[in-house]
Amino acid sequence: MYWGNGQAFHASIGLSDPHMAFMLPDGQTSDGFGTWTLVDNPNAVAANIVVTYMAQGGGKLYRFGDSVPAFSRRSYNMANMVPSGRASILVEAKDSGRPVLVERAMYGADWGSGTCTIGGYSD
């Protein structure tokens, strides 16, 4: 992804296959940072997911479920659940046989920099 007239960008290695669970490191919603959890459903039917933000230091868990429509992507702003702080992210596909693709995008310095990762995954 490029922004700022091509002056800022990030890239990820991508995924060749969808999976049932993703563990994503280090999201942040404080000090000028913004974090997005991106979930793509490559299936021909909706996929039910649960997203859990795990606060730094073993603090509070922030959890919500959603249904991602067939052949579509949803973007979740971590600040809607974790207004200020840091958290790791767990995304779980809840329907057997309906794995998803997940990525974490984080932007800093008021969108002057960015990173992304597919984290780790499991079936």
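Read the figures in this text as sums done on the coordinates, not as results from a lab. Everything quoted here is computed from the prediction, not taken from an experiment. We place every Cβ from the backbone using ideal geometry, glycine too, and count neighbours over all the protein chains shown.
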Along the Cα→Cβ direction, 7 angstrom out, place labels at Leu61 and Asn48. What is the inter-label distance in nm? 1.7 nm
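In percent, how large is the relative contact order of the stretch 10-68, given Cα pairs closer than 8 Å and 6 or more residues apart? Let's see the in-between values first.
Values: 41 pairs, mean separation 14.0, N = 59.
About 24 percent, as a whole number.
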Short version: what are the Cα gyration tensor semi-axes of the chain, square root of 5 times each eigenvalue, largest first, in whole Å? 23, 18, 12
How charged is the neighbourhood of Gly85? Take every other residue with its Cβ under 12 Å from the Cβ of Gly85, and add Lys/Arg as +1 and Asp/Glu as -1. 0
Dimensions in Å of the stretch 55-123 - Rg and Dmax from alpha carbons: 13.6, 40
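What percent does the relative contact order of the chain come to when contacts are Cα pairs within less than 8 Å and at least six residues apart?
Working: 310 pairs, mean separation 49.7, N = 123.
Answer for the chain is 40 percent.
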